[in-house]
Amino acid sequence: MRRLSLLVLAACGSKGIDKEKAATLFTEVTLDTAPGLSGLAVDDEGGLWTAAERDEKAYRITLDDKLVPTVQPWAIEGIPEGTDIEGVAWLGKGRFAFGTEGREDGVSLILIAEERGPKLRVIETIRIPEAKLGLQVKQNHGTEGICGTGQ
């Protein structure tokens with residue numbers, strides 16, 4: 001079981017988290033997912049999307065009025081070998097962009113995927129060289145967050 005807590009800037013200091021104070025501000029919801037969730041996006045119907053870094057799965061999460069979660073796993077097909085999913089963006093109409101970390105120096109990969117039945121399928125890979133990014137990209141580093149709009 002994994003826990004999802006929405007804490008804004010809680011980990012950005014050296015003081016740690018005041019768990020008692022956090023409990024008054026946020027509701028912790030337990031989710032049944034693979035470990036290593038990365039990224040968070042919202043679809044047109046209010047569902048939350050996240051992805052497991054190394055498990056080739058995305059999850060659509062909805063909460064009912066009592067904050068009971070429904071977690072729908074989606075296998076992601078076509079992820080290049082050795083690539084970790086790090087960020088997710090909802091592009092609309094069953095399309096997603098995934099930020100990644102890979103095993104190649106000097107390049108960041110963005111994966112575009114579409115819903116194909118009960119799975120997501122990578123249909124396009126966008127290679128962004130570090131010269132275009134304007135910063136250095138090393139192995140196991142890359143696009144930690146991503147956002148998108150439209151198609």
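Look at LYS66 and say whether it is open to solvent by 50 Å² or more (accessible area, probe 1.4 Å) and at positive phi. The answer is no for LYS66. Residue count for the range 102-121, restricted to those that are open to solvent by less than 40 Å² (accessible area, probe 1.4 Å) and either touching a His at 6+ places or on another chain (Cβ under 7 Å) or assigned to a loop (DSSP other than H, G, I, E, B) (or both): 2. Take GLU124 and tell me if it is under 17 Å from ILE146 (Cβ atoms), acidic (Asp, Glu) and open to solvent by 80 Å² or more (accessible area, probe 1.4 Å). Answer is yes for this residue.
Entry remark, the range 131-151: residues being modelled with pLDDT under 70, surrounded by 14 or more Cβ atoms within 10 Å (Cβ to Cβ) and part of a loop (DSSP other than H, G, I, E, B) number 3 in total. Taking the criterion of being under 15 Å from TRP74 (Cα atoms) and of a type in the set (Asp, Glu), the residues of the range 26-52 that qualify are ASP32, ASP43. For the subset of the range 86-101 comprising residues that are of a type in the set (D, E, K, R) and more than 10 Å from the chain's Cα centre (by Cα), which member is surrounded by the most Cβ atoms within 10 Å (Cβ to Cβ)? Taking the candidates together, the pick is GLU101. Can you pull out the residues in the range 69-85 that are open to solvent by 10 Å² or more (accessible area, probe 1.4 Å) and within 14 Å of ALA51 (Cβ to Cβ)? Those that are open to solvent by 10 Å² or more (accessible area, probe 1.4 Å) and within 14 Å of ALA51 (Cβ to Cβ): VAL71, GLN72, PRO73, TRP74, ALA75, GLU77, GLY78, ILE79, THR83.
One line per residue, one yes/no per condition, for (1) at pLDDT 90 or above; (2) closer than 15 Å to ILE146 by Cα; (3) in a loop (DSSP other than H, G, I, E, B):
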position: PRO35; (1), (2), (3): no, no, yes
position: GLY46; (1), (2), (3): yes, no, yes
position: ASP55; (1), (2), (3): yes, no, yes
position: TYR59; (1), (2), (3): yes, no, no
position: LYS66; (1), (2), (3): yes, no, yes
position: GLN72; (1), (2), (3): yes, no, no
position: ILE79; (1), (2), (3): yes, no, yes
position: THR100; (1), (2), (3): no, yes, no
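Under 16 Å from THR33 (Cα atoms), touching a Leu at 6+ places or on another chain (Cβ under 6 Å), touching a residue at least 40 places away in the same chain (Cβ under 8 Å) and of a type in the set (Phe, Trp, Tyr): is that true of TRP74 in this structure? Yes.
The values are calculated or read from the model by the stated rules, or taken from the named source; none is laboratory data. A quick note: this is a predicted structure, and the numbers were derived from the prediction, not measured. Every residue, glycine among them, receives a Cβ derived from its backbone with ideal geometry; neighbour counts consider all protein chains shown. Surface areas here come from the heavy atoms of the whole protein model, side chains and all, with no ligands, DNA or RNA. Shrake-Rupley method; radii C 1.70, N 1.55, O 1.52, S 1.80 Å.
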